[in-house]
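A short write-up of the structure that comes next.
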Amino acid sequence: MSLRNTCCKLTAPLLTPIFKGFQKDKIIILMYHRILNLSFNFSFDEALISATPQSFETQMSYLKNKYEVINFNDLHSIVLHKEKIQRPKVIITFDDGYLDNYLYAYPILKRYRLPALIFLTTDYIEGKRKLFWWDEVAYLIKQTKETYIEIDKIGSYFLDSPALKKATITKIQSIFKKITEEEKNKAMDRLRNTCQVETNCLEKMFLSWEQVKEMSKDNISFGAHTCSHVIASKVSLAKAKEEIVCSKKIIEEQINQEVKVFAYPNGKKDDYNQEIIKILQENKFHYAVLTIDGLNSVESIAKNPYTLRRVGLRSYDHLDYLKLQLCGALVKARKIRDTFFNKERVL
């Protein structure tokens with residue numbers, strides 16, 4: 001067990017009751033990506049694996065017994081009627097639309113009769129795109145036979161060990177999140193040419209519309225996550241609007257239900273702005289979610305419905321970590337840390 005999980009195991013029984021009052025009026029939005037067993041030779045971005053099927057079931061069992069799990073329609077009613085809530089409520093979300101959401105998460109959600117929302121990136125749902133750029137970066141670096149690469153505006157890297165490859169993947173992904181979409185596409189082309197790895201024969205990784213329709217009739221709702229996963233602030237406003245509006249329209253046409261919730265790709269403070277929020281308002285989105293850690297009060301949701309915070313999970317997070325996130329202990333600890341070190345708050 002890692003030091004982090006050991007600390008969580010020791011502190012969760014103590015802190016969870018102490019912070020019970022802090023969370024009583026909160027809406028806690030959980031953020032998952034992939035539900036998958038991580039194999040030794042996993043070829044894609046392992047950071048996107050939020051839980052194994054076994055740990056996900058453990059988490060859902062805990063939520064079923066300890067919390068009220070709601071959907072965004074329930075949330076809208078709470079906000080609209082200014083309801084006072086005495087028991088914290090949880091919303092379960094997934095980003096991107098990976099196939100394993102259907103194969104592994106959906107059966108578990110059905111078993112526990114829990115609602116959830118999946119944010120779809122529509123170009124990947126039986127569409128023209130086969131790999132998200134972060135998965136392709138990981139695949140190219142992991143599969144290349146090159147032991148050293150040097151790429152203009154990306155840097156030079158030694159690749160002669162798994163640890164060096166892992167560090168390279170993280171570094172390149174970090175660079176790509178900070179540059180414009182046009183710059184990223186050009187950099188991806190240079191990376192492909194350098195690594196010389198074939199990606200045309202990869203197995204299907206994303207949901208089909210048939211699976212989306214099936215889930216939409218069975219307690220799973222869907223939100224928009226753009227068409228191609230562009231970071232809205234890194235493209236022109238016209239392009240951002242096209243990506244947001246088109247993804248909403250496509251999903252609505254497929255499932256015959258109104259799409260009211262949006263997830264910002266990447267979802268950090270620099271990935272959206274007031275102009276993008278205005279686009280969401282004009283196109284009848286009720287809410288938008290970030291990837292920034294934090295809990296939401298009903299009052300804060302009413303005031304800022306387009307900047308909702310979520311609690312993210314990784315495959316190595318034990319149930320005790322989730323307990324500390326849900327009760328707000330980790331949120332409070334980060335506030336203290338950032339104040340002490342004079343860091344900008346990103347909770």
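The values are calculated or read from the model by the stated rules, or taken from the named source; none is laboratory data. Note that the structure is a prediction, hence the values are computed from the model and not measured. So basically every Cβ, Gly included, is an ideal-geometry build from the backbone, and we count neighbours across all protein chains shown.
Return the residues of the range 195-232 that are more than 24 Å from residue 138 (Cβ to Cβ) and of a type in the set (Gly, Ala, Ser); say none if nothing qualifies. Please lay out each step first, then the result.
Kept after step one, since they are more than 24 Å from residue 138 (Cβ to Cβ), are these residues of the range 195-232: 209-224.
Residues satisfying the conditions are 216, 221, 223, 224.
Of the residues that make up the range 187-205, is at least one without any contact (Cβ under 8 Å) to a residue 40 or more places away in the chain, within 23 Å of the chain's Cα centre (by Cα) and assigned to a loop (DSSP other than H, G, I, E, B)?
Yes: the range 187-205 contains one or more residues that are without any contact (Cβ under 8 Å) to a residue 40 or more places away in the chain, within 23 Å of the chain's Cα centre (by Cα) and assigned to a loop (DSSP other than H, G, I, E, B).
If we scan the range 7-21, do we find a residue that is under 24 Å from residue 119 (Cβ atoms), of a type in the set (S, T, N, Q) and in the same structural domain as residue 120 (by TED's automatic domain parsing)?
Of the range 7-21, the ones under 24 Å from residue 119 (Cβ atoms) are none.
Taking every residue of the range 7-21 in turn, none turns out to be under 24 Å from residue 119 (Cβ atoms), of a type in the set (S, T, N, Q) and in the same structural domain as residue 120 (by TED's automatic domain parsing).
Is it the case that the range 54-70 has a residue that's more than 23 Å from the chain's Cα centre (by Cα), part of a strand (DSSP E or B) and over 19 Å from residue 251 (Cα atoms)?
Restricting attention to the range 54-70, the residues satisfying the condition of being more than 23 Å from the chain's Cα centre (by Cα) are 65-66.
Filter once more, keeping what is part of a strand (DSSP E or B): none.
No.
Provide a single number: the residues in the range 1-46 that are in contact with a helix residue (DSSP H, G or I) (Cβ under 8 Å, 6 or more places away or on another chain), over 26 Å from residue 78 (Cβ atoms) and modelled with pLDDT of 80 or more.
11
Residues to consider are 176, 158; find the one that is in contact with a helix residue (DSSP H, G or I) (Cβ under 8 Å, 6 or more places away or on another chain), aromatic (Phe, Trp, Tyr), exposed (fewer than 14 other Cβ atoms within 10 Å of the Cβ) and not assigned by TED's automatic domain parsing to the domain that holds residue 100.
Numbers: 176 fails: exposed (fewer than 14 other Cβ atoms within 10 Å of the Cβ).
Every option except 158 fails the conditions.
Could you say whether any residue in the range 219-228 is part of a helix (DSSP H, G or I) and touching a helix residue (DSSP H, G or I) at 6+ places or on another chain (Cβ under 6 Å)? Don't jump to the end; show me each part of the working.
Keep residues of the range 219-228 that are part of a helix (DSSP H, G or I), which gives none.
There is no residue in the range 219-228 that is part of a helix (DSSP H, G or I) and touching a helix residue (DSSP H, G or I) at 6+ places or on another chain (Cβ under 6 Å).
Go through (1) over 18 Å from the mean Cα position of the chain (by Cα); (2) under 30 Å from residue 141 (Cβ atoms) and name the single condition residue 8 misses.
(2)
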